[in-house]
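J.: Below you'll find the structure I mean.
The values are calculated or read from the model by the stated rules, or taken from the named source; none is laboratory data. Nothing here was measured: the structure is a model prediction, and the numbers come from that model. Cβ sites come from the backbone with ideal geometry, for glycine too, and all protein chains shown count toward neighbours.
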Amino acid sequence: MLSRQVRPLILIFSPLLFFVACALPAARIATGPPWLGKELLAAGFLGPLVGQFAWYANPLWLGSLIAAGLRRRRWTLLLSLAAVAVGLLMLTLPGHDIPRDEGGVNKDHAEGLLYGAWVWLASIALPALGAALSREEKRHPQ
């Protein structure tokens, strides 16, 4: 069980960081302005078409928030650590060509990650940190 002090912090600050990350530049592209986190969030489910799977950390992160809301410390920790592991796949983005159209004729080249990507990673790691630092509460039979 998550302690009563930690659970509200996870449920408030992790989504807050996530939404801040959506407003920040997350990836530097060779042919134009940087992509914002919200743009990567909207199109990220198509990532496997170019070998990118980091977007799939988002459902795991959401599951960790649900587990935190239900006071399931172990599940919060497990799902959040899985989200971080999948999220670290973002490190493979730089150097990839990303199609700009459905035919793959025009392409952008991802040059690097910006601070929005790191804020996103922090937001999905926060539930794991909170669950790891949380004490198990003793259940008292009623």
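Here's the yes/no breakdown for (1) in contact (Cβ under 8 Å) with a residue 60 or more places away in the chain; (2) at positive phi:
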{"site": "VAL6", "(1), (2)": "yes, no"}
{"site": "LEU9", "(1), (2)": "yes, no"}
{"site": "PRO15", "(1), (2)": "yes, no"}
{"site": "ALA21", "(1), (2)": "yes, no"}
{"site": "ALA27", "(1), (2)": "yes, no"}
{"site": "PRO34", "(1), (2)": "yes, no"}
{"site": "PHE45", "(1), (2)": "no, no"}
{"site": "GLY51", "(1), (2)": "no, yes"}
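J.: Also, quick follow-up: For the range 73-82, state whether one or more residues are touching a residue at least 60 places away in the same chain (Cβ under 8 Å) and among the basic types (Lys, Arg).
T.: Checked the range 73-82: at least one residue is touching a residue at least 60 places away in the same chain (Cβ under 8 Å) and among the basic types (Lys, Arg).
J.: Tell me which residues, restricted to the range 123-139, are surrounded by fewer than 17 Cβ atoms within 10 Å (Cβ to Cβ) and either modelled with pLDDT of 85 or more or part of a helix (DSSP H, G or I) (or both).
T.: Within the range 123-139, ALA132, LEU133 qualify.
J.: For THR76, which of the numbered conditions (1) more than 20 Å from the chain's Cα centre (by Cα); (2) crowded, with 18+ Cβ neighbours inside 10 Å; (3) among the β-branched types (Val, Ile, Thr) fails to hold?
T.: Exception for THR76: condition (1).
J.: To continue, here is another question. Check whether at least one residue in the range 48-59 is modelled with pLDDT of 90 or more, within 24 Å of PHE13 (Cα to Cα) and surrounded by fewer than 16 Cβ atoms within 10 Å (Cβ to Cβ), and report yes or no.
T.: yes
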